[in-house]
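Enquirer: Handing you a structure now.
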Amino acid sequence: MKDATSGPPAGSSARAFPVRKQNVISQRAGKDTLLYDPAADAVHLLNPVAMTIWAGCDGVHAPDEIAARLANSFAGAADRDLVADVRATLALFAARGLINDGTD
């Protein structure tokens, strides 16, 4: 049984705090980053924006916090719906098996 202080804050879903899978290996490739998932024997190429989102998948940051990091890091990013963009990217990461929801 979890105590009241563990896990995401009350009223939020575990998916709101995504966690990178431990077995995924990352390697910089110029401005981009390669992810290798040995379980799926798959390689994924992340641009700098996607890499910033990936870095935020630490089980601590919610999508709105990751979006704020993007707004501070990339010129012109504040003109977009960054939370929606972050959620869409997280959905892609989840569909490809690259992140956990923080509950396992």
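Enquirer: Filter the range 59-104 down to residues that are within 22 Å of Ala29 (Cβ to Cβ) and not in a helix (DSSP H, G or I), then give me how many there are.
Expert: Adding up the residues that qualify gives 5.
Enquirer: Consider only pairs whose beta carbons are under 9 Å apart and that are at least six residues apart or on different chains; among these, list those whose first residue lies in the range 74-92 and is more than 19 Å from Val19 (Cβ to Cβ) and whose second residue is of a type in the set (Lys, Arg) and assigned to a helix (DSSP H, G or I).
Expert: If the second residue must be of a type in the set (Lys, Arg) and assigned to a helix (DSSP H, G or I), no pairs are left.
Enquirer: Pull up the range 1-50, narrow it to residues that are among the small types (Gly, Ala, Ser) and not in a loop (DSSP other than H, G, I, E, B), then point me to the one that is modelled with the lowest pLDDT.
Expert: The residue in question is Ala14.
Enquirer: For the range 49-66, name all the residues that are closer than 24 Å to Leu34 by Cβ and not β-branched (Val, Ile, Thr).
Expert: Ala50, Met51, Trp54, Ala55, Gly56, Cys57, Asp58, Gly59, His61, Pro63
Enquirer: Read through the list (1) within 14 Å of Thr52 (Cβ to Cβ); (2) in contact with a strand residue (DSSP E or B) (Cβ under 9 Å, 6 or more places away or on another chain), then give the number of the only condition that Ile99 fails.
Expert: Result: Ile99 passes all but (1).
Enquirer: Would you confirm whether or not the range 92-103 contains a residue that is touching a helix residue (DSSP H, G or I) at 6+ places or on another chain (Cβ under 6 Å) and polar (S, T, N, Q)?
Expert: First, the residues of the range 92-103 that are touching a helix residue (DSSP H, G or I) at 6+ places or on another chain (Cβ under 6 Å): 99, 101-103.
Now restrict to residues that are polar (S, T, N, Q): 103.
Yes, the range 92-103 has at least one match.
Enquirer: Exactly one condition in (1) closer than 14 Å to Ile99 by Cβ; (2) in contact with an Asp or Glu (Cβ under 9 Å, 6 or more places away or on another chain); (3) at pLDDT below 95 is not met by Leu70; state its number.
Expert: (1)
Enquirer: Applying the selection to the range 64-104, what residues are of a type outside the set (Asp, Glu) and touching a Ser or Thr at 6+ places or on another chain (Cβ under 9 Å)?
Expert: Ile66, Arg69, Leu70, Ser73, Phe74
Enquirer: In the range 37-67, what count of residues is obtained for those that are surrounded by 13 or more Cβ atoms within 10 Å (Cβ to Cβ) and either basic (Lys, Arg) or under 17 Å from Asn100 (Cβ atoms) (or both)?
Expert: Final tally of qualifying residues: 15.
Enquirer: So, one more: In the range 55-73, which residue that is touching a residue at least 40 places away in the same chain (Cβ under 8 Å) and of a type outside the set (Gly, Ala, Ser) is farthest from Asn23 (Cα to Cα)?
Expert: Looking at residues that are touching a residue at least 40 places away in the same chain (Cβ under 8 Å) and of a type outside the set (Gly, Ala, Ser), I get Pro63.
The values are calculated or read from the model by the stated rules, or taken from the named source; none is laboratory data. Please read these numbers as outputs of a predicted model, since none were measured by experiment. Quick reminder, even Gly has a Cβ in these numbers, built from the backbone with ideal geometry, and neighbours come from all protein chains shown.
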